[in-house]
1. Evaluate E = 1/(1 + (r/R0)^6) for L76 and S112, where r is the Cβ-Cβ distance and R0 equals 41 Å; express this FRET efficiency to the nearest 0.05.
2. Using 7 Å Cα-to-Cβ label points, what is the W135/Q123 separation (nm, one decimal)?
3. Taking only Cα atoms and a 10 Å spring cutoff, compute GNM fluctuations for the chain and point out the largest among L81, L146, L118.
4. With a 1.4 Å probe and all protein chains in place, put K79, K32 in order of accessible area, largest first.
5. Can you give the accessible area of V143, probe radius 1.4 Å, in Å² rounded to 10?
6. Based on DSSP H runs of at least 4 residues, each adding -39500 (n - 2.57), what is the mean residue ellipticity at 222 nm of the chain after dividing by all its residues, to the nearest 500 deg cm²/dmol?
7. How would the chain be classified by its alpha-carbon gyration tensor: rounded, prolate or oblate, with rounded meaning a/c under 1.5 and the a/b versus b/c comparison settling the rest?
8. Round to a whole number: what % of the accessible area of the chain belongs to carbon and sulfur, probe 1.4 Å?
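The values are calculated or read from the model by the stated rules, or taken from the named source; none is laboratory data. Not measured: the values here are computed from a predicted model. Ideal geometry is used to build each Cβ from the backbone, glycine not excepted, and the neighbour counts take in all protein chains shown. Ligands, DNA and RNA are excluded from the accessible area calculation, which covers all protein heavy atoms including side chains. Shrake-Rupley method; radii C 1.70, N 1.55, O 1.52, S 1.80 Å.
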Amino acid sequence: MRFLLVIRDTSYTDAGPGAPDVIPPLPDPEAKLKTSGYLVLASRQEAQIRKRIREVDAAVLDMPIDTVRRWGGLLLKWKPLPLLWWCSAEAAAASLEACETDVPIDGILTPSMSARELHWALQIGAKHFFERQAWMDERAQLVSRLEERKWIDMAKGILCDVNKVSEAEAYDMLRKRAMNERKRMVDVATSVVRAHQQLKF
């Protein structure tokens, strides 16, 4: 992991009415990561990020948790990649009310980390990302199988009623038709259910 995207949204630190004129500078994740040996693209421009997202190995988000959620969702639409939160004192303070918010982050980086600590945090974040991706893929497959099973069960019920056959015979009818038409069984089942719904209408 060598090329990192850094997105900073520090608008939450802007001085409001009555705030002091001098605000302590925020720790700069871009400079910290560069001095630790990483290539960095720092941007908040969606068009630029979208154009270069394929080159990036991971994203580091320097912002409150609520904003991380929005950016994380946007980035993951363009390219699945590890997302790490740059947890500065200011970002942490601005995120106190969002402790229970579900955000797709794979790790946390802090301004006080050494180059070695950043390296290991990024490696562990990448590992968490791949585990999360595998879990999400497995979950999607299970949901898809359950959905397929639902259509097949509905089609079997229809064939049992219409043809006065057993469930096993109805299943065999679906299987044979799928083989003859070179279709997936769920596609045949879906067409049976939809045709039946049309007839009932």
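1. 0.90
2. About 2.2 nm, to one decimal.
3. Among L81, L146, L118, the largest mean-square fluctuation in the Gaussian network model of the chain belongs to L146.
4. Order by accessible area, largest first: K32, K79.
5. Roughly 70 Å² of V143 is accessible to a 1.4 Å probe.
6. -18500 deg cm²/dmol
7. In terms of gyration-tensor shape, prolate.
8. Taking all protein chains in place, the chain shows 54 percent carbon and sulfur surface.
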